[in-house]
Structures are given as structure tokens and as C-alpha cells.
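The values are calculated or read from the model by the stated rules, or taken from the named source; none is laboratory data. Model, not experiment: these values are computed from the prediction. Virtual Cβ from ideal backbone geometry, glycine too; neighbours counted across all protein chains shown. To get the accessible areas, we keep the full protein, side chains included, count just its heavy atoms, and leave off ligands, DNA and RNA. Shrake-Rupley method; radii C 1.70, N 1.55, O 1.52, S 1.80 Å.
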Amino acid sequence: MQLLQLISSLKPLQTVGPKNPEISAITFDSRKVTPGSMFVAVRGTSVDGHSFIPLLEHSGVAAIVCEKLPEKVLPGISYVVVENSSIALGLLSSEWFGHPSRKLKLVGVTGTNGKTTTATLIYEMARLMGLKAGLLSTVCNYIETEAVHAVQTTPDAYSINELLARMVAAGCSVAAMEVSSHAAHQHRIAGLKFAGGIFSNLTRDHLDYHKTVQAYLEAKKSFFDGLPADAFALVNIDDKVGRVMLQNCAARHYTYSLRTMADFTGRIIESRLDGTLLSLNDHEVETLFTGRFNAYNLTAVFGACCLLGWPEEEVLAHVSRLVPVAGRFQAVRSPKGVVAIVDYAHTPDAVVNVLEAIKEVGPKRILTVVGCGGNRDAGKRPIMAAEAARRSDKVILTSDNPRFEEPEAILADMEAGLDAELRAKALVIVDRREAIRAAIQMAQPGSVVLIAGKGHEPYQEVKGVKHHFDDREEVTNAFNEL
């Protein structure tokens, strides 16, 4: 593709060098620069791509997109100066792949909790409707039935467009994707055309990155601020910031709720450990999901599918066929009557939601295994420990993904949130495998054991190394030892 066509959607502040060279590839990784390619110098959280520009002198790079010209401008290279190179990368990637987001109905889901389940169920619903669909999610990306390993909740802008282009080539007419706060703040979704956006909720998370709840909220809201007028914006108005997301949002406004009047209402009629009888806009539907948080997810899915133009009666019929996402309230049962729930809950609010869902079905005892990740928001650690202990008969504090922190230091932060009464319920076992085994051994018939924090993750990250570790496997092994 020639440079002028490629940068047609940009508003360059300055261009220097050859006017219209042929571009053979786009990259924001200097190590991947090849002769004839374009390098986009992105300012990352830890590395500034501009610092690598001097190293490209003999690389054969054809064009460099940057926010300021380097001190040494080399002949034969086109320099395109832009205000924000992260936004430019999104626009360039969309142009490079032929604007794939315009060729299918793309639905984005944001919020602290529920993104993975909601996005995945929209993808599953589309396939039940007989449509070809794609998915970008934390657990796995899908191009129709082809699984593509997911590295981030929301990939970089180039990878997003590449995956969307593959979806279009595979005949997909619908795609659902999680939109993380990091992705919105870093402009990874720049240049995408969304058919709709969904907001689930907002609670404390990622303050290690955003620093304040307000900045976290604004990152989420920026997604809605960018929705076009022909898209829909569907928000949970039971969350106090739900309506905030709609302020200055050009898209058509819609709401969902379990508590009050809304465009799409859900009501829990009966809750069990193996499912919920749910009312959606006054239509009763038997589902395979448990808990109030899942009732919210299903109501959002119902609303989004209707807003995509799919017949309501068909959507309702398929809701009962949807199955839980891997590692999200995933039940593993022992022959001796003990049920273990493996869930990705890794925020205080998520832990509360899962434990409240378990309490609703009336187990004899609740035992919870929970940890907190290292090199993340340390402020939520004492809160998570306290919320878990309050709602459990026994809580075992253990390692999650310690990353580059010492597990004992993380657990000390968690213990600090326990008063004398809660501390009496708590046990600290650093080794996660031993913690899971201990909880299973303490459980009695009729008990529920919650294993929280990692869900679908098949690894434990320690000192930069990911070791194989799957909570679901550990639960099964522990049951086999009984």
C-alpha cells in the first residue's frame, strides 16, 4: 500500500521526506522492522518507541510515524509527525486491513466484572442464531470455530484489526470483544467502528495503573464517548455510574436492570447451584447460570442481541441453551457431595458477588480459597480478604500470581484487613496447591468450596516465569484423594 493512502485518515502535523513510498508492512516493534516497512513509534507505559528510531538507520525502513522528529532526519525515509502515535496506530491498522470493523457488527463490552461472560455469550448466541461470529476475550479469541490464543484482554490495535480481518474473511457477520480500561486509555480501539457498547459495572480495580477510581472511570467512559450515532449504548443503571457512561454519548441510549424499570429487565425467580429461573422482560427462561451477577450478564446479553435486530422470541429460546464460560462459576462435583466452584473473581466486588450467589442456594458450609496477584493494586488486598472471610465459614489465604513480589508479603497485606473475629476464621497456606487440598479435605457433604482468583488461567506466574497450574485440575486431584 502506498503511504498517502495509508495515512489518509490521519491528520499529520508535518511530513518530511519522500512523499508516497510503497509500504510493505506496519509494525510498532523496532525488532520487526523490515525493508519497506513503516515503524510507528508508540509511547508505552515502560518503553518509548521514539528511543528506537536512531537504531533504524540501516534497517531499510520506508516510513516512520512519530510524535516528534528525531534529531537526525535521514534521507530516503518518510517521517509522518502526528499528535498521538497510539491513535495513529489504530487508524493505520484499520486502513491496512481494509477497515474490517465496518464489515461486521462489532459489539464492545466494558466494566470491571462480567466482560468475558457477556462478550462470550453474545458470540455463542450469534452462533446459535445460525450466524458466523468472532470473539476477542480474556479466555480465548475465536474466528468462527478457530481458537486463537489470547495474550491480553484486549490485544494491540494492529492485532485487533488483523483478527477482525480474518473474521471477515471467514464470513463472520458479528463479533464481540472485551474492551479493557487499559485498552481504552492506550487507544488500542482507535479506528474501530462499533455497532454497540455495553457497560456492566464499575468497582475498584487496576489502580496500580490508573492511580485513581476517577481515572479508571474516565478510561471506561472514553469508549462510550467514541461510539457513533448509529450504534447502541447499553448500560447497567443499577450501577451508580451507569448513566454517567451515557453522558455526551452520541449513540442510542438503552438501559438494563434487575431492580428498576429499564429497557431490558431481569428478575431472579429461583436460584440453584446448577442454574437460575430468570424473567427477561416478563418472559420466564430456565438458565444454566447461577447468581445475581450472572443474571446481570444474561440481561445484558438479551438486550444486546435484541438491539442487534435479532427476533426476541428466538433470543429467549436460545438463552436457555447458553453454558457458563470456562473458569467463571465453574462447578466441579465430588462423588461424596462436595461442590467446588472455580471462579476468576479477583476484585473485592467479584468475590462478594460469587459468595452471595453461593449463599443464596443454602450450602451447609462455605470454604473459600483466595489470593491476590503481585505487582497489582495492593490496596484491594485487605478488602478482598475481609469480604471473603465475612461470607465464608472458613477462608484460606494463599498465593495467586505473585509475579515479582514475595507471596508472604502479599498475604501479610491481606491479613491486615482481618479483625480478631475474621482472623479466627482464617488460615494462611502459601502454597496454592496445598491450600486447595486443605479446603477440600475440610469440606463435608453439602459444603461448597470456592476457589477464587484464577479461573481459566492454566498457570501461576512467579518471578517472570509461568508454571503450569490449573485450579480445575487441582480440585479434581484433591477430590480423587478423598
- Message: If I filter region 313-340 down to residues being of a type in the set (D, E, K, R) and part of a loop (DSSP other than H, G, I, E, B), which single residue comes out as nearest to Val369 (Cα to Cα)?
- Response: Arg328
- From the option list Ile64, Ile143, single residue qualifying as open to solvent by less than 50 Å² (accessible area, probe 1.4 Å), of a type outside the set (Asp, Glu) and under 23 Å from Leu10 (Cα atoms) is Ile64
- Message: So in region 462-476, with the set limited to residues that are among the basic types (Lys, Arg) and open to solvent by 80 Å² or more (accessible area, probe 1.4 Å), which one is nearest to Ala326 (Cα to Cα)?
- Response: Lys466
- Task: Within region 85-107, identify whether any single residue is β-branched (Val, Ile, Thr), at pLDDT 95 or above and touching a strand residue (DSSP E or B) at 6+ places or on another chain (Cβ under 7 Å), and answer yes or no.
- Result: yes
- Item | Condition check for Ala438: in contact with a helix residue (DSSP H, G or I) (Cβ under 6 Å, 6 or more places away or on another chain), over 24 Å from Glu360 (Cβ atoms) and of a type in the set (A, V, I, L, M, F, W, C) | no
- Can you give me the number of residues within region 23-54 that are over 26 Å from Ala183 (Cα atoms) and within 34 Å of the chain's Cα centre (by Cα)? 3
- Message: Among the numbered criteria (1) open to solvent by 40 Å² or more (accessible area, probe 1.4 Å); (2) more than 19 Å from Asn477 (Cβ to Cβ); (3) under 28 Å from the mean Cα position of the chain (by Cα), which one does Gly373 miss?
- Response: (1)
- Within region 316-328, residues more than 16 Å from Glu474 (Cα to Cα) and either surrounded by fewer than 23 Cβ atoms within 10 Å (Cβ to Cβ) or modelled with pLDDT of 90 or more (or both) come out as Leu316, Ala317, His318, Val319, Ser320, Arg321, Leu322, Val323, Pro324
- Message: I'd like to check something: does region 148-165 contain any residue that is at pLDDT 95 or above, aromatic (Phe, Trp, Tyr) and farther than 28 Å from Lys11 by Cβ?
- Response: no
- Item | Hey, Gly36 at positive phi and of a type outside the set (A, V, I, L, M) or not | yes
- The residue that is modelled with the highest pLDDT, considering only those in region 329-349 that are among the hydrophobic types (A, V, I, L, M, F, W, C) and open to solvent by 10 Å² or more (accessible area, probe 1.4 Å), is Val339
- Item | Single condition Asn20 does not satisfy, out of (1) in contact (Cβ under 8 Å) with a residue 60 or more places away in the chain; (2) more than 35 Å from the chain's Cα centre (by Cα); (3) open to solvent by less than 80 Å² (accessible area, probe 1.4 Å) | (1)
- Message: Please return the ranges of strands (runs of 3 or more DSSP E) entirely within region 428-482 where 3 or more residues are under 14 Å from Thr398 (Cα atoms), hydrophobic (A, V, I, L, M, F, W, C) and under 22 Å from the mean Cα position of the chain (by Cα).
- Response: 448-452
- Item | Test: residue in region 291-308 that is open to solvent by less than 30 Å² (accessible area, probe 1.4 Å) and over 24 Å from Gly196 (Cα atoms) | yes
- Note on the structure: When every residue in region 189-229 that is among the basic types (Lys, Arg) and part of a loop (DSSP other than H, G, I, E, B) is compared, the one modelled with the lowest pLDDT is Arg204
- Item | Considering residues of region 376-398 that are at pLDDT 95 or above and of a type in the set (D, E, K, R) only, the residue least open to solvent (accessible area, probe 1.4 Å) | Arg381
- Scan region 151-166 and give yes if some residue there is open to solvent by less than 40 Å² (accessible area, probe 1.4 Å), in contact with a Cys (Cβ under 6 Å, 6 or more places away or on another chain) and closer than 25 Å to Asp29 by Cβ, otherwise no. no
- Message: Could you check region 87-115 and list, in sequence order, the residues that are within 9 Å of the chain's Cα centre (by Cα) and under 20 Å from Leu131 (Cα atoms)?
- Response: Val109
- Message: Anything in region 132-160 that is under 12 Å from Thr116 (Cα atoms) and in contact with an Asp or Glu (Cβ under 8 Å, 6 or more places away or on another chain)? List them, or say none.
- Response: Leu136, Ser137, Thr138, Thr153, Thr154
- Wholly within region 95-151, strands (runs of 3 or more DSSP E) carrying at least 2 residues that are touching a residue at least 60 places away in the same chain (Cβ under 8 Å): 105-110
